[in-house]
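Heads up: the structure comes next, in structure tokens.
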Amino acid sequence: MKFDMLVIGSGPAGQKAAIQAAKAGASVLVVEQVARPGGACVHRGTIPSKTLRETAVALGLVRRRSAGAFDLKLPDDLKLASLMTRLDEVVAAHQKFIGEQLERNGVERWHGRARFVTPNLIDIRGTDGNASRVAAKFVVIATGSQPRNPDDVPIDHERVLDSDSILSMAYLPQSLVVIGSGVIATEYACTFSALGVQVTMIDRSPRPLAFLDEELSNEVKAAFERDGGTYLGGRTAKVIETEGGTVFTTLDDGRVIRSEKLLYCLGRVACLAGLNLDAAGITPDARGLLAVDQHLRTSVPNIYAVGDVIGPPSLAATAMEQGRRAACHALGLPLSSSSQLVPAGVYSIPEVASVGMTEAQVREKYGHAIVGRARFEELARGQISAIEHGLLKLVCDPEERVLGVQVVCEGATELVHVGQVAIIAGWRADAFVENIFNFPTLAEAYRVAAFDVCKQRAKRAA
Amino acid sequence: MALTASIQTRFSALATGGELSLPILPDAIARALDLAGKPDCDLRKMSEVVRRDASLVAHVMRVVNTPAYAAATKLVSLDQAIGRLGFVTIKQILLVVASQARVFRVAGFETEVRATFAHCLATALYATEIAKHRKRLGDEAFMAGLLHDIGRPLLMQALIDLHREERMTLEPENVWPSVAAAHARVGGALADRWGLPPRVAEAIRRHHSPDNELSHLVALADLLAHGKEDVGSHAAVLDMYPEDVAEIVKRKDVIDQTVKELA
């Protein structure tokens, strides 16, 4: 069989590549090795963890907003599954939606594993072992990633778990050590901490989510610690051992941390095994990732790679955009420049979101940055919603043009889009002062931050 | 000669009517299973519970030193075994011991029942390997695998008892056809009685007509334990490709050896 485009993997990156190509009239085949579409996003990561997080956040909110009127204590033997009773429905609904969307756009979907024969010929093998050979003008590799499991870490999915198995724990543990400080590590650390688990994060990095603006990641660290979590930065776990129901983590400074469970979240590896990339003429880099040019093309011109297989930031939204861009480039469709602007959202507690440039980046490019700040506890809505901490940064160039927004606050992942639109529209900070926002809302933070920019102008003038 | 009408009626009532008396778990094992599932389970408590029954310690030590569990070093003490293997594994071992002592023992049919136990243990070990391959703890898979055919010896014993009561001779050729139909249901009832998770009981009930992940997993392990490589529909549901199945089958020697030592 012949297709204009073959997409390997049906996660966020693969879906969007396939749909974009199909919308442009190309014949598209998506190959997915598991029967249900959606990839790790739907089945193992993004959606399940957010469902648990939602429960954790709701508990915290009720506690805070009721000002102690309700004493919400979770029973000691609470089953983890009972905190995610909605999960099956959420996953099923999302999966159904993905399936229908692919179908509606005329994308063909096969259940199987892909293996390159040449850069244009791919064998697709089903679970029965029978292969069909497919010819494709373009191939998009969107196979995603899986947790890295080093040999010296005794991952037994009982006491030592990885991000694929953490949600299969039967009970909420008393204590949890999280190795790592990236997005997945931080999200789980915050969620379990909010559920009352004694969480200790251990990582070489001095603060969690170190790739973010420093002020933001410090806010996350502070919130995590206020919630009872412990962040041990600048350290590495030398030895991880289990005995009985206890995990012993020995740090490089000799300290030993005991916990009931351990979540190992140090790095992910691209899922490339079995693709037979040699036959395609592609060699992964030293980190096992696929190198791509600005059009997301691998070293072989008709083969693209998108999503986690090309490395950070490994966020679903970024992966979707990469998928779309790869399809557009392959089919010669025009791309506007604004799509370069991809927001990042992390579902820590509180949420963190960022779009455009950071303060440091603006300073480096323009020599000087003007940053308006708003603290959420100073807003009426913040007080009403019992948001005790939170920060919005409106990052402007010396002309006060909005170039970036960073938010840390519950709801940040939604709120950031207001800033994103302002950046796309080329607004100056003034525009937030001159326009009216609903009261009381969290979006008011934009006005407060813009006033802060004005205040700094007045100070400079004086 | 088929079963007499009277026995047939009484047997049907037992097999399908839920009147079959199911064996209870030995006290120490019941306590240990209960403890293993509790969040505050610790090494000392577990060790104490198991030690209450001296013969149990010996049985556990025999199991922990079979190839499926033993690592480089020989496990010599109970505490060391519990520490190294963890509560989940110890619980599984206790279940092996309990089922072997209480159910897989039918006077007059020793060979057949030993073969059934061997098959069940192999199924449990294959099921655990499949679950691990799918990055799951495999505890439910183990339990469902171990007990999937436990209805057979239970019904067999019931059939023998009925014949004894009616002073009839049980023809060996009547045994298997009689127990086949209801064994899955009875196995599920025993799992309920022993307080195992509802999903485990359900998977045992449905292992010949799987309808969810766990029941398909047990059905696949069942086939592998029978040495069958044609695993068609279950493999598709579980997204297991031939190379994945081959990976599981690599453990055959270890599983066979373990089963040989224990059955």
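A few points about this structure:
- From the options B:Ala182, B:Ala158, residue that is in contact with a Ser or Thr (Cβ under 7 Å, 6 or more places away or on another chain), hydrophobic (A, V, I, L, M, F, W, C) and more than 14 Å from chain A (Cβ to nearest Cβ): B:Ala182
- Candidates are the residues of segment B:128-150 that are away from chain A (no Cβ under 11 Å) and among the hydrophobic types (A, V, I, L, M, F, W, C); the one that is farthest from B:Val113 (Cα to Cα) is B:Ile130.
- With respect to being within 13 Å of another protein chain (Cβ to nearest Cβ), closer than 21 Å to A:Val34 by Cβ, in a helix (DSSP H, G or I) and of a type outside the set (A, V, I, L, M), A:Asp128 falls outside the description.
Okay, residues lined up against (1) of a type outside the set (A, V, I, L, M); (2) more than 23 Å from the chain's Cα centre (by Cα):
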position: A:Ala35; (1), (2): no, yes
position: A:Gly38; (1), (2): yes, no
position: A:Ile47; (1), (2): no, no
position: A:Lys50; (1), (2): yes, no
position: A:Arg53; (1), (2): yes, no
position: A:Ala58; (1), (2): no, no
position: A:Arg64; (1), (2): yes, yes
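- If the condition is being surrounded by fewer than 16 Cβ atoms within 10 Å (Cβ to Cβ), basic (Lys, Arg) and within 14 Å of chain B (Cβ to nearest Cβ), then segment A:220-261 contributes only A:Arg258.
- Output for segment A:90-106, where each listed residue is within 17 Å of A:Ala17 (Cβ to Cβ) and within 26 Å of the chain's Cα centre (by Cα): A:Ile98, A:Gly99, A:Gln101, A:Leu102
- For segment A:162-176, taking the residues that are more than 9 Å from every other protein chain (Cβ to nearest Cβ) and under 22 Å from the mean Cα position of the chain (by Cα), the one that is modelled with the highest pLDDT is identified as A:Leu176.
- Of the strands (runs of 3 or more DSSP E) lying entirely inside segment A:143-241, those containing at least 1 residues that are under 22 Å from A:Arg44 (Cβ atoms) span A:145-147, A:160-162, A:175-179, A:198-202.
- Selected residue [within 14 Å of chain A (Cβ to nearest Cβ) and either among the aromatic types (Phe, Trp, Tyr) or part of a helix (DSSP H, G or I) (or both)] from B:Glu202, B:Glu243, B:Glu261, B:Glu229: B:Glu243
- Of the candidates A:Ala286, A:Ala273, the single residue that is part of a loop (DSSP other than H, G, I, E, B), at pLDDT below 95 and under 30 Å from A:Met169 (Cβ atoms) is A:Ala273.
- Boolean, B:Lys74 is surrounded by fewer than 20 Cβ atoms within 10 Å (Cβ to Cβ) and over 25 Å from B:Ala221 (Cα atoms): yes
- Cβ pairs under 7 Å, 6+ apart, first in segment A:26-38 and within 13 Å of chain B (Cβ to nearest Cβ) and in a loop (DSSP other than H, G, I, E, B), second surrounded by 24 or more Cβ atoms within 10 Å (Cβ to Cβ) and of a type in the set (A, V, I, L, M): none
- Subset of segment B:141-173 (residues that are in a helix (DSSP H, G or I) and within 15 Å of B:Ala122 (Cα to Cα)): B:Ala141, B:Phe142, B:Met143, B:Ala144, B:Gly145, B:Leu146, B:Leu147
The values are calculated or read from the model by the stated rules, or taken from the named source; none is laboratory data. The structure presented is a predicted model; accordingly, all values stated were derived computationally and were not measured. For neighbour counting, all protein chains shown are included, and Cβ atoms are generated from backbone atoms with ideal geometry for every residue, glycine included.
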